Amino acid sequence: MTNSIGEISRASLLLVVGSNTTENHTVISGKIIEAVRNGAELIIIDPRKIQLSQISSMHLRNKPGTDVALLCAMMKLIIDEKLHDENFIGERTEGFEELKASLGNCTSAWASEVSGIPVSEIEKAARLFAGAENASIIYCLGATEHVSGTDIVRTLANLSMLTGNVGKPSSGVNPLRGQNNVQGACDMGALPNSLPGYVNVSDDEGRKEFEDLWGIKIPESPGLTVPEMIEQALAGRMHFMFIMGENTVLSEPNSQKVIEALKNIEFLVVEDIMKTDTTDLADIAIPAACWAEKEGTFTSTERRVQHVGKAVEPPGDAKSDLEILVRLAGIAGAEGFDFKNSREVFSEITKVVPAYAGINYERIGTKGIQWPCSSPEHEGTVFLHEKKFTRGKGRFQPVKYRPPAEVPDNEFPYVLMTGRNAFQYHTGTMTRNSPSLEREAMYPYVEINPSDAQKESVKGGDMVTISTRRGQIRLRARVTDAVCEGQIFIPFHYREAPANILTSEELDPEVKIPELKVCAAKIKRGQSRGVRSCNNTFLNSF
Amino acid sequence: MSVKEEAKNLLGKGMDGVLFYQMKDGSAIPHLFTSKDIDEMPDVREIPDSERYPLSDILSKLLMRFSSAKFGIVARGCDERAIIELEKHQQIDTSRVSLIGFACSPELAKICSCSKPYTESLADEMNEAQEISRGIESVERMSTPARLGFWLSNFSVCVKCMGCRNICPLCFCKECSLQDEDLVESGVLPPSIPTFHLLRAIDMAGRCVMCGLCEEACPAGIPLRTLYGKVSEIVREELGYVPGTRGVKSPLEELGSSVGSDDDLKS
Amino acid sequence: MIDEEMVDYRTVPTVCPYCGAGCGMLLEVCSGEVIGVLPMKGHPSSKGSLCAKGWSSPEFLKSSNRLAKAILREEGEEKEVSLESALGLVVENLNRVLEKYGPEAVGFISSARCTNEENYLLEKFARTFAKTNNIDHCARL
Amino acid sequence: MASDENVLLQDLTPIRIVAFLCNWCSYAGADLAGVSRLSYPANVVTIRVMCSGTVSPYHVLKAFQSGADGVLITGCHIGDCHYLKGNYMTYKRFQVIQGLLQFVGIEPERFRLEWISASEGEKFAETVRDFTEEVGKLGESPLADEREAAKSREALMRRF
């Protein structure tokens, strides 16, 4: 996030793109609700009806994967009507003319055609956004899990800079991180193309510093992303894999392929806190301590480095991942792993990641510190880019709309979207073992629009088979207008009906994010089981 | 005498621990002080106003877990009221509890709209409590449809975190009506409107000690104090009962205790 | 005062293990056991709120599905092994693969569920010991 | 909860009333009304309970949730309760529920408590007639389209 969670409630306009905030980032949605109570306009761009829709000023339910078109048309209108912030663009940015030129054909009429949103709505949203004092953009994986995932992020940044909504409070471009420490894992360089602190591995100077520090030569070409590793494994070129705390089988797209790939690896090590579908495939499964059983730091979506306290001892032989890695390095004879505890590791981190330089455990305390924090005197940074952008001037990066990779056809007429619900989390490793959450959302289900349900003669609670080119799953239908006609939605938490059997592994060419939010599917009504045996009202809200 | 000295006295008199807050990196967190660390007990003035926790609920858990231990507690007015009410529901055995009372700051009392921001032991030194409306009047001034709109829109942003129930010192039932499938459908957001919130309001009747922790815990900012405050007002005015006061149990808990005059009832 | 039982109750400030919002929470600990959770009132962003998941986070700690022993799978047979020998096997196989196929044939998947320190260590291990950039995590999911 | 009440209620338009009748007095009173061929509107679904004091607030809320436009509780007169003081409890609860309903914007006239003895067939018929008329004037319960009513952004922004 360029800005902080606390600032959201003071924004005068919030643009929420592809985020079911209430269900997935509940406490952040609380800030959005507070902003609306304070009179903020709320514009939602999301094909699905979400809980925030009922308090929104506008809900643009566009066709999945067409966000870029919609936003480009909004920008064109803003420029055409001279609603953009000329001072900001002049002083702080470059490449405006290129952006303007690139938007030439992005008329509202065109965007309306592509996205299915009426021209008047697009124009109204554009004017509202441009007219707002502090407009804050909040987006999540609904926006980015597309083949055009990078484009949408650029488009949002363009829109934000165009209207001068960067570098001031209650504005900015704010991705909501789905997991407690995605931000930190990226900061730490657990990425194939970057070293800690986002130093590119191909950057000779940057790499050199690490080579000197670690006393070892680092390969200069970027490594493989998870989807690419899976490809390699499938091709028989990946012989050893170490998975630390991830249920890859359920979380990656096209599960059947993932299972095959993992089976194909000669030696697979999986570390986890629970028995999962992935540990079941491991040659060695190593028991890990969970968050309550170890000390360390997490970095939240607002760049807040926070302390995780150890409350209890882990069960049995389980050890913290840190201890396991240190012992592993010890056995392997690797140098530079002589750490007694997380504090010592953290102090090394502060030496290699400039944004963390001024942070230590004492300063983190119970309230955390937001990076960048360059020195022990620096108080941390509430919002980024106040005076200047990291690279100096903010660069507009023109983007061209690309449709999703797999669109519905006669055989597979529905657009399948996947996501989470409020009471389960990711692959359910934790939530499905928590009775009070499991009771709320015990059964896998597919959301179907009432008119589609009628077409397919499906009633709420019926068992249906959903299939795509990659596989099929059986689950219950939930008939609801939360999804538009021609679209279906399946939460991916459930191993008994894993949605990722269905999903497409088409990747964004730049950052390799899979297109989990759009693929083509069909519905087949299965045998109807006793409806009463499961939660009837929930499934049949119509 | 400071609370620390009073707490030390209690430990000297055979108490096993004293429940209060510990200051950790600028945050107040609940902690049970024993003779080992009693010296670290902070003064009541060090506790930030915004950092209150359901100490009475924690005390109840401790009493059940350590079935013969005796505890002291450094309590605010609302903690004490909750303890009294919990005792009436057999959730706390006060013969194993000693209470050290303190008064909240005037600022906090104002934020909480609290009419009794101190414990009974301090009642003589304090000014006569004044009754403060908790937004009830302004809701009542609305027209009936506006009132309905106000509440339904507030309920509609509920995220069913159960924070209001979880943090409530008076919510101790093993089986919760909010998890009754017949009343509140599971898995649906917002939870059944308005049933979910009315159920909780009804359950608060004759119990709510107006500590306000529910409203503070609500991520959606629903004005729960106002809702439960109204229920408490009805119970006080119609049934003559104020939760958290010593003496009789709530008339809603007891079958047959008489209410009003028989003439009232016959009409 | 009681002699046998040692009374203790403390709360441990920590961060919610679920989404990236990073809400502050306190774990209530009694005799080495987590007995509950409270929202951290003074937390700068969550300000004393939690969601349904945060409130129920201690529930999975004692799940019967917890992995408590290292498990070795050989020819379809599962057996429990000591952590030390499990780690020994990991190193043995890693070295074997590195020798036979080179660093391109090994991959490390880190986790957005683990701490900064752990991510840093795994990344460092992959790059310095296995000499590969094949390190990634689930940021895209 | 798929329920038989729902099915019944759907057939009885436009006004739907749920009446809880105590077994010993009011149910007998209703029976007498029937035997005496007294006419009263057919909008009412009766639920027989052993004592009006067993009607939990949850039942009342459930009735409204299931689409009732009005809820009527009837019991023995004070002093006549077959469980001695069950109806005192009814009265206490009634006050709290009615006050709460009023506070959240549901007309208090939709919820009524009447004491009807076994011999008061006429009173039962009259009560149902009167209550149906009163609720009829108010129209359908605003809770029937709860989600529509909840949509208002303006209402959320309203401050004290």
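The values are calculated or read from the model by the stated rules, or taken from the named source; none is laboratory data. A quick note: this is a predicted structure, and the numbers were derived from the prediction, not measured. With ideal geometry, Cβ positions are generated from the backbone for all residues, glycine too; neighbour counts draw on all protein chains shown. Side chains are part of the model used for accessible areas, which takes the heavy atoms of the whole protein and leaves out ligands, DNA and RNA. Shrake-Rupley method; radii C 1.70, N 1.55, O 1.52, S 1.80 Å.
Return yes or no: is B:E185 within 29 Å of A:T22 (Cα to Cα), among the acidic types (D, E) and out of contact with any strand residue (DSSP E or B) (no Cβ under 9 Å at 6 or more places or on another chain)?
Yes; evaluated as a whole, the condition is true for this residue.
Going by what's in this entry, would A:G316 be described as surrounded by fewer than 21 Cβ atoms within 10 Å (Cβ to Cβ) and within 22 Å of A:N181 (Cα to Cα)?
No; evaluated as a whole, the condition is false for this residue.
Within segment A:266-283, which residues are within 8 Å of another protein chain (Cβ to nearest Cβ), out of contact with any Cys (no Cβ under 6 Å at 6 or more places or on another chain) and not in a strand (DSSP E or B)?
The answer is A:E266, A:K275, A:T279, A:A282, A:D283.
Does segment A:384-401 hold any residues that are touching an Asp or Glu at 6+ places or on another chain (Cβ under 7 Å) and surrounded by 15 or more Cβ atoms within 10 Å (Cβ to Cβ), and which are they?
Residues satisfying the conditions are A:R395, A:F396, A:P398, A:V399.
Taking C:N133, is it crowded, with 22+ Cβ neighbours inside 10 Å, without any contact (Cβ under 8 Å) to a residue 12 or more places away in the chain, facing chain A (nearest Cβ under 7 Å) and among the polar types (S, T, N, Q)?
Yes, satisfied.
Among the listed residues A:G178, A:G164, identify the single one that is small (G, A, S), assigned to a loop (DSSP other than H, G, I, E, B) and surrounded by 23 or more Cβ atoms within 10 Å (Cβ to Cβ).
Residue meeting the stated conditions: A:G178.
Name the single residue that is farthest from the other protein chains (Cβ to nearest Cβ) among those in segment D:109-147 being under 19 Å from B:L199 (Cβ atoms) and assigned to a helix (DSSP H, G or I).
The extreme case among them is D:R110.
What strands (runs of 3 or more DSSP E) lie completely within segment C:1-106 and have 2 or more residues being modelled with pLDDT of 95 or more and at the interface with another protein chain (Cβ under 7 Å from one of its Cβ atoms)?
In segment C:1-106, the matching strands (runs of 3 or more DSSP E) lie at C:10-15, C:24-30, C:33-39, C:70-74.
Suppose the filter is surrounded by 22 or more Cβ atoms within 10 Å (Cβ to Cβ), basic (K, R), in the same structural domain as A:P192 (by TED's automatic domain parsing) and closer than 24 Å to C:S56 by Cα; does A:K275 pass it?
no
The conditions are (1) of a type outside the set (S, T, N, Q); (2) free of Cβ contacts under 8 Å to residues at least 60 places away in the same chain; (3) open to solvent by less than 10 Å² (accessible area, probe 1.4 Å); (4) not in a loop (DSSP other than H, G, I, E, B), and B:A69 fails exactly one of them. Which is it?
(4)
Could you please let me know if A:F88 is closer than 22 Å to A:V166 by Cβ, touching a strand residue (DSSP E or B) at 6+ places or on another chain (Cβ under 7 Å) and either in a loop (DSSP other than H, G, I, E, B) or open to solvent by less than 60 Å² (accessible area, probe 1.4 Å) (or both)?
no
Mind checking which residues of segment B:15-24 are within 14 Å of chain A (Cβ to nearest Cβ) and either open to solvent by less than 20 Å² (accessible area, probe 1.4 Å) or under 14 Å from A:G309 (Cβ atoms) (or both)?
Matches in segment B:15-24: B:Y21, B:Q22, B:K24.
Is it the case that A:R327 is surrounded by 20 or more Cβ atoms within 10 Å (Cβ to Cβ) and among the basic types (K, R)?
Taking the combined requirement at face value, the residue does not satisfy it.
Considering only residues of segment A:344-366 that are touching a residue at least 40 places away in the same chain (Cβ under 8 Å) and open to solvent by 40 Å² or more (accessible area, probe 1.4 Å), which is farthest from the other protein chains (Cβ to nearest Cβ)?
Across segment A:344-366, the extreme among qualifying residues is A:P354.
Given the structure, is B:L19 part of a helix (DSSP H, G or I), touching a helix residue (DSSP H, G or I) at 6+ places or on another chain (Cβ under 9 Å) and of a type in the set (A, V, I, L, M, F, W, C)?
no
When you go through (1) in contact with a strand residue (DSSP E or B) (Cβ under 9 Å, 6 or more places away or on another chain); (2) part of a loop (DSSP other than H, G, I, E, B) one by one for A:A477, which number turns out not to apply?
(2)
Could you grab me the full set of residues in segment B:25-50 that are surrounded by fewer than 19 Cβ atoms within 10 Å (Cβ to Cβ) and either within 18 Å of the chain's Cα centre (by Cα) or within 14 Å of chain A (Cβ to nearest Cβ) (or both)?
Across segment B:25-50, the qualifying residues are B:D25, B:G26, B:P48, B:D49, B:S50.
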